[in-house]
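Reading through the structure tokens given below for one structure.
Computed from the coordinates by the stated procedures, all read-outs in this text should not be read as laboratory data. Since we're looking at a predicted model, the values are computed, not measured. FYI the Cβ positions are ideal-geometry reconstructions off the backbone, even for glycines, and counts take in every protein chain you see.
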Amino acid sequence: MKEAEEQVLEKQGVGLSAQPFWQARKTKRCFLKEPERGENIAVLYELDADPQAKGLYSVPGIGLLGVQFSLDQECPSAMVCGLLTQTKEVPLYGTHHTLLCQFFPGRFTQIFGIPCSAVTDTEAPLEDFIQVGSLYEELAAAADMPARQALLQQFIGRWQNRSRRNAGNERLVPALMEAALRKHGLVQLHELEQETGYSSRYLQTIIREKVGVSPKIALNNMQFQDSLQRLLRDPDMPLASIAQASGYYDQSYFTRKFKEYMGVTPAVFAARLRQVKQLEESI
């Protein structure tokens with residue numbers, strides 16, 4: 001993969017949803033492309049989880065609705081994992097070698113015609129929504145990542161031809177999320193009205209359908225992710241500086257909102273990060 005494409009991958013994937021302390025390792029990353037325009041619509045990973053892990057401790061991100069394919073040839077399957085509004089442990093359903101496909105905001109609905117709001121805060125078998133044929137078995141039996149990427153690319157191409165609902169505004173939600181991400185989620189709904197020309201009612205409807213949550217929750221999640229990633233990059237960064245950089249009213253408010261998401265204060269979280277870093281350096 002070209003260096004520039006790797007940088008885009010990091011910006012789009014990590015920038016939307018950092019997941020600290022996963023008991024798993026992502027490898028062999030690549031993109032899935034929109035068949036007609038060639039735009040990136042999803043990030044594809046192989047995920048190797050700790051054999052003892054029953055699930056992955058996950059925090060709210062922005063729009064990266066995921067499909068988790070088991071690569072167990074004896075029992076291939078797939079679960080759709082919706083956008084989270086609160087921290088939870090997402091089950092692994094007994095499989096520890098998986099193919100994780102994370103769709104960028106609005107893209108899952110664009111391809112399959114399924115509202116993301118149907119799986120918010122939950123998981124469900126992919127076959128509950130669409131016919132999958134022999135896809136599970138073919139992915140599990142594929143020789144390598146390029147072969148799995150090609151299978152999913154073909155599958156997406158077939159489905160996109162069937163799902164043309166809201167074809168005229170299919171770029172609206174991805175564009176809105178990209179613009180909000182550049183501002184760390186510090187955007188008001190009336191600003192989106194002015195920028196797009198659409199009413200707030202319509203924007204709320206389409207964002208809830210294609211992202212899975214209301215605009216307010218999506219923007220709050222984005223602001224939280226911004227602060228989380230600043231801590232991940234530098235656990236020694238003063239909390240007051242993080243609060244200011246991420247647009248929180250003050251450090252006290254930042255601490256309260258961070259704890260709502262993570263279950264611990266940013267000070268406790270930063271201390272844990274420093275312990276992990278020290279342990280890694282001592283090995």
Residue-span extension gain [Gln19 to Gln154] - 0.36 nm each, minus C-alpha spacing: 45.7 nm
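Counting pairs of alpha carbon atoms under 8 Å apart in space and at least six apart in sequence, what relative contact order in percent does the chain give? Mind dumping the intermediate values first?
Numbers: 458 pairs, mean separation 50.8, N = 283.
Relative contact order, the chain: 18 percent.
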Hey, what number do you get for the chain at 222 nm if only DSSP H runs of n ≥ 4 count, each worth -39500 (n - 2.57), divided across all residues, to the nearest 500? -13000 deg cm²/dmol
Note down the nm distance, to one decimal, between modelled labels 7 Å out along Cα→Cβ at Gln204 and at Ala271. 4.1
What is the percent of Cα-Cα separations in the chain that go past 34 Å? 19
Using Cα springs under 10 Å in a Gaussian network model of the chain, which residue among Met145, Met222, Met177 shows the largest mean-square fluctuation? Met145
Let me check against my output: what whole-number percent is the relative contact order of segment 3-160, with C-alpha pairs under 8 Å and at least 6 apart? 24
Need the full-extension length gain, Thr87 to Arg256, defined as separation in residues times 0.36 nm minus the C-alpha distance. One decimal, nm. 59.4 nm
Among Lys216/Lys257; Lys26/Lys210; Lys88/Lys210, the pairs whose Cα-Cα distance exceeds 24 Å are Lys26/Lys210
Hey, what D do you get for segment 234-283 in µm²/s if you plug the Kirkwood alpha-carbon radius into Stokes-Einstein at 10 °C and 1.306 mPa s? 138
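Cα convex hull of segment 183-283: how many Å³ per residue? Present the calculation step by step, with values, prior to reporting the outcome.
On the way: hull volume 11.6 nm³, N = 101.
Per-residue hull volume (Cα only) is 115 Å³.
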